[in-house]
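In what follows, a structure is listed as structure tokens, so that the remarks can point back to it.
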Amino acid sequence: MNIVVAVKQIPDLQQIRIRDRRPVLDYVPCVLGDIDKSALEAAVELKESVQGRVIVVSAGNGEIEDTVKEALAAGGDEAVLVEDDTLADADSSVVAKVLAAAIRKIDDVGVILFGEGSADNYSGRVVSAVAADLGYPQVGYAKQIEVDGPLARVTRSLEDSDEIIEVPLPAVISVVSEIKEPRIPSVTSILKARKKPKAIYRLDDLGIEIPSGKNITTISNLAPVSERKGIVVKSVDELVKILKSERRLER
Amino acid sequence: MEFKLTKEQELIQKTARDFADRSIEPAIDHIMKEHAIPQEILDGMKELDLFCLPISEAYGGAGAGYQSYVLALEQIASVSPGVAIVISVNCFGLAALEMFGSEEVKKRYMPGACTGKNIMSIAMTEPEGADPRLVKTTAVREGDEYVLNGTKRFITACGYEGPLVIFARESDTGQICGFVVEKFCEGYSISEPWDKMGLPGTPMYDVYLKDVRIPVGNMLGELNQGFRILKNSIALGKIGISSIFLGTILAAYEECMKYAGERIYLGKPLTQFQYVQGDIVDIAMKYEAARWLAYRLGYLADMNEDKGNIIKDSALTKMFVTNTAVEVARSAINIHGSYGLMENYKVSRIWRDSIFGPQTEGTNALLRSVVAMDILKRSK
């Protein structure tokens, strides 16, 4: 049984400058998001219990082949990529359709892992759309996964509690970052990554129809403006009193 | 001409920095107080293949080349130059074996040092100085053995088990040659560590050799190759040192950016004061110049099989980077005001580390005369 990990190429968030409250992406290199790396680490651990391979799936522009080396260095055994320049700013419905088509090209898929949301936009829309397209059950907020024969036992990290559920395989599971700390790849594994097998498809190879227009238009994705109240306190007691009066300490 | 890292180089750079942030940074206090690198850090560096980064795969190395070596050492040194020195000394010794060791010597000593199980040292300097003409340590041939006697000074990593490359005067020719000695063999002993002012984690010792017997095959290269081995070794050592002090410049730069952004003075952050802006821009300018010079040295090492060809460039780079590191550390303290003199501010440590650069691996004063001879010879 193979473990698929879907990863997204994003701009290196640490190198983005902000101008007029908008990100400047010129000359910013592409990397994988941390939560995707956590999903990959979970996959590598799962691989030992299912005797399969970890297959990294991604879709993006011409840089994707280079970007995915990071995942292959960190434990991915092979990659299935869809490379097309139009995918660089494709909306989530298109990306989901493309990823689902790419996953269909892989044999013996058991678990399909995603990060709960991508590190750049964090819309979280692609996971559900892929599960729906493939017709597989979906589980979100996974912080622990065990495969037991035809089932996966998943511990979900909910706001106030953990929920343990069983789901038949194949299934699409999205993970929270606490599931695993991503490994630091060794120098040798980085150098070997370029030799690992990669299947690269163009959009035309997938036999899917991509709508010409956009289904979703992002109008704005700015963080909400927060203004400080500028209250100066002289003691912890005073701070606690104010927080209580504003009902901030009740949760 | 392309000034762009490959994806592999970017990832190796990131591996080194992530390891330094995740594993070395939390241990800095321990390293400072105990003057030793915790075993977990050495084990982590083994797992990530950092001990053998530029060495070819044929002898157990990672085969990543010297450009990647420079990038990785810079990042580790930005957190702890002391830890980076252990890697550089090991790679320095390994490279000497790779270039000039017999097949038997390579097979016997290189795999262990590539994994970091053993850590190599290299010994040139003597109590009279680092100039090769001052070497008094002798290697006297007796049948199938050489007998070594002498004292070496300021030697790093010689408290770890592993091979030591030692330069001594060969008895038959009077030339300086390199010899491989197993540390802690009969006749090998070391002093108490020198009580030095910076670079914690890498104690320096004097090494005493008293009638140390080694097989004739442990001599590096041929009898008449002493000068060539020396040139290659000197050039390689400077790649490591340049990378490490580039790391201290990076550390100073990062500390200043952080401090000047956070420190509020007269109601506004330091970054809004023009004189601080000027200092920060000077540091940025010097960092850019130093790093591209050091990266170029890595490139030259990858391009030249005979590392002796880059001896002038290695000396120029080492002088520029180490002098710049001192200037930048001084500016960093300036930006921090009196806080920069306090032990719990990183810039005070950076200053004590940086001052080592111009004095290490051939003082910059000595290198100026070496480079002058080379340049003037070419101009004739």
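Key figures
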item: Single residue of A:164, A:145, A:219 found to be touching a residue at least 40 places away in the same chain (Cβ under 8 Å) and within 24 Å of the chain's Cα centre (by Cα); result: A:145
item: Matching residues in segment A:178-231 - criterion: being of a type in the set (Gly, Ala, Ser), away from chain B (no Cβ under 14 Å) and part of a loop (DSSP other than H, G, I, E, B); result: A:207, A:212, A:213, A:220, A:223, A:226
item: Residue selected from segment B:44-54 under the condition within 8 Å of another protein chain (Cβ to nearest Cβ) and open to solvent by 20 Å² or more (accessible area, probe 1.4 Å), by the criterion farthest from residue B:105 (Cα to Cα); result: B:47
item: Residue, modelled with the highest pLDDT, within segment A:88-106, restricted to residues that are touching a Leu at 6+ places or on another chain (Cβ under 9 Å) and either within 14 Å of chain B (Cβ to nearest Cβ) or under 19 Å from residue A:120 (Cβ atoms) (or both); result: A:98
item: Extreme residue, farthest from the other protein chains (Cβ to nearest Cβ), among residues of segment B:33-43 that are within 19 Å of the chain's Cα centre (by Cα) and open to solvent by less than 80 Å² (accessible area, probe 1.4 Å); result: B:36
item: Criterion: open to solvent by 30 Å² or more (accessible area, probe 1.4 Å), under 25 Å from residue A:204 (Cα atoms) and within 14 Å of chain B (Cβ to nearest Cβ) - qualifying residue of A:34, A:66, A:85; result: A:66
item: Single unsatisfied condition, residue B:210 versus (1) closer than 29 Å to residue B:356 by Cβ; (2) surrounded by fewer than 16 Cβ atoms within 10 Å (Cβ to Cβ); result: (1)
item: Condition broken by residue A:164, with the remaining ones in (1) part of a helix (DSSP H, G or I); (2) open to solvent by 70 Å² or more (accessible area, probe 1.4 Å) satisfied; result: (1)
item: Residue match in segment B:88-101 (condition: open to solvent by 10 Å² or more (accessible area, probe 1.4 Å), more than 14 Å from chain A (Cβ to nearest Cβ) and touching a Phe, Trp or Tyr at 6+ places or on another chain (Cβ under 7 Å)); result: yes
item: Residue in segment B:184-205 that is open to solvent by 10 Å² or more (accessible area, probe 1.4 Å), farther than 23 Å from residue B:163 by Cα and in a helix (DSSP H, G or I) present; result: no
item: Residues being buried (at least 23 other Cβ atoms within 10 Å of the Cβ) and either among the basic types (Lys, Arg) or within 25 Å of residue B:24 (Cα to Cα) (or both) - total across segment B:102-121; result: 6
item: For residue A:130: the one exception among (1) surrounded by fewer than 16 Cβ atoms within 10 Å (Cβ to Cβ); (2) under 26 Å from residue A:202 (Cβ atoms); result: (1)
item: Residues (within 8 Å of chain A (Cβ to nearest Cβ) and of a type in the set (A, V, I, L, M)) located in segment B:56-73; result: B:62, B:64, B:72
item: Breaking point among (1) open to solvent by 100 Å² or more (accessible area, probe 1.4 Å); (2) within 14 Å of chain B (Cβ to nearest Cβ); (3) in a helix (DSSP H, G or I), for residue A:237; result: (2)
item: Odd one out for residue A:120 among (1) part of a helix (DSSP H, G or I); (2) modelled with pLDDT under 95; (3) charged (D, E, K, R); result: (1)
item: Some residue of segment B:55-65 being open to solvent by 10 Å² or more (accessible area, probe 1.4 Å), hydroxyl-bearing (Ser, Thr, Tyr) and more than 28 Å from residue A:65 (Cβ to Cβ); result: yes
item: Failed condition for residue A:174, given (1) among the hydroxyl-bearing types (Ser, Thr, Tyr); (2) touching a residue at least 12 places away in the same chain (Cβ under 8 Å); (3) within 14 Å of chain B (Cβ to nearest Cβ); result: (3)
item: Among (1) over 21 Å from residue B:188 (Cβ atoms); (2) of a type outside the set (Lys, Arg); (3) in contact with a helix residue (DSSP H, G or I) (Cβ under 9 Å, 6 or more places away or on another chain), the one test that residue B:134 misses; result: (3)
item: Segment B:154-183: number of residues that are polar (S, T, N, Q) and either part of a strand (DSSP E or B) or touching a His at 6+ places or on another chain (Cβ under 9 Å) (or both); result: 1
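Yes/no matrix, rows are residues, columns are (1) of a type in the set (A, V, I, L, M); (2) more than 17 Å from the chain's Cα centre (by Cα); (3) modelled with pLDDT of 95 or more:
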{"site": "B:113", "(1), (2), (3)": "yes, no, yes"}
{"site": "B:117", "(1), (2), (3)": "no, yes, no"}
{"site": "B:124", "(1), (2), (3)": "yes, no, no"}
{"site": "B:132", "(1), (2), (3)": "no, yes, no"}
{"site": "B:147", "(1), (2), (3)": "yes, yes, yes"}
{"site": "B:152", "(1), (2), (3)": "no, yes, yes"}
{"site": "B:170", "(1), (2), (3)": "no, yes, no"}
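The values are calculated or read from the model by the stated rules, or taken from the named source; none is laboratory data. Small disclaimer: the values here were computed from a predicted structure and weren't measured. Cβ coordinates were reconstructed from backbone atoms using ideal geometry, including for glycine residues, and neighbour counts include every protein chain displayed. Note: accessible area is taken over every heavy atom of the protein model, side chains too, but ligands, DNA and RNA are not part of it. Shrake-Rupley method; radii C 1.70, N 1.55, O 1.52, S 1.80 Å.
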